[in-house]
Amino acid sequence: MNGILVSYEGKLDVGDVCEVSFLLGELEPGEAIIIEGKVARRSSEGIGIEFLAMEQDSFVHLQRLVELHSSDPDRITQELTTPAFS
């Protein structure tokens, strides 16, 4: 979990620092995953954002979100036993 590819038609360029936010909506009102990132690449598919930093709460929420949508949640748990960010 060190980045994301998103569809994007804005004006961010490779190297630009940005914020990635996932609103968790009705499940946990007011909760969001907020990640500091940097544009690592641009392509016809969108932009690749490298994660630079996130709060511990955001890391835990992101881990749970990925586990919920994974075909192998145990593998995700094993890979993420140590947070990548401090």
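The values are calculated or read from the model by the stated rules, or taken from the named source; none is laboratory data. If you're wondering where the values come from, they're calculated on a predicted model, not measured in any experiment. Cβ placement follows ideal geometry from the backbone for every residue including glycine, while neighbour counts extend to all protein chains displayed.
Go through region 44-55 and count every residue that is in contact with a Ser or Thr (Cβ under 9 Å, 6 or more places away or on another chain), surrounded by fewer than 14 Cβ atoms within 10 Å (Cβ to Cβ) and not aliphatic (A, V, I, L, M).
As a first pass, look at region 44-55 and keep what is in contact with a Ser or Thr (Cβ under 9 Å, 6 or more places away or on another chain): 45-47, 53.
After this cut, where a residue has to be surrounded by fewer than 14 Cβ atoms within 10 Å (Cβ to Cβ) as well, the list is 45, 53.
From what is left, the residues that are not aliphatic (A, V, I, L, M) are 45.
Final tally of qualifying residues: 1.
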Tally of residues being over 25 Å from residue 79 (Cβ atoms) and either touching a Phe, Trp or Tyr at 6+ places or on another chain (Cβ under 6 Å) or free of Cβ contacts under 8 Å to residues at least 24 places away in the same chain (or both) across region 25-42: 4
Any pair with Cβ under 8 angstrom, 6 or more apart, that starts in region 60-86 at a residue that is among the hydrophobic types (A, V, I, L, M, F, W, C) and part of a loop (DSSP other than H, G, I, E, B) and ends at one that is surrounded by 14 or more Cβ atoms within 10 Å (Cβ to Cβ) and modelled with pLDDT under 75: 80/1; 84/1
Residue within region 25-43 that is exposed (fewer than 15 other Cβ atoms within 10 Å of the Cβ), among the aliphatic types (A, V, I, L, M), farther than 13 Å from residue 6 by Cβ and at pLDDT below 85 present: yes
Selection within region 1-24 - surrounded by 12 or more Cβ atoms within 10 Å (Cβ to Cβ), at pLDDT 90 or above and either of a type in the set (Ser, Thr, Tyr) or under 24 Å from residue 77 (Cβ atoms) (or both): 3, 4, 5, 20
In region 1-17, the residues that are of a type in the set (A, V, I, L, M) and part of a strand (DSSP E or B): 4, 5, 6, 17
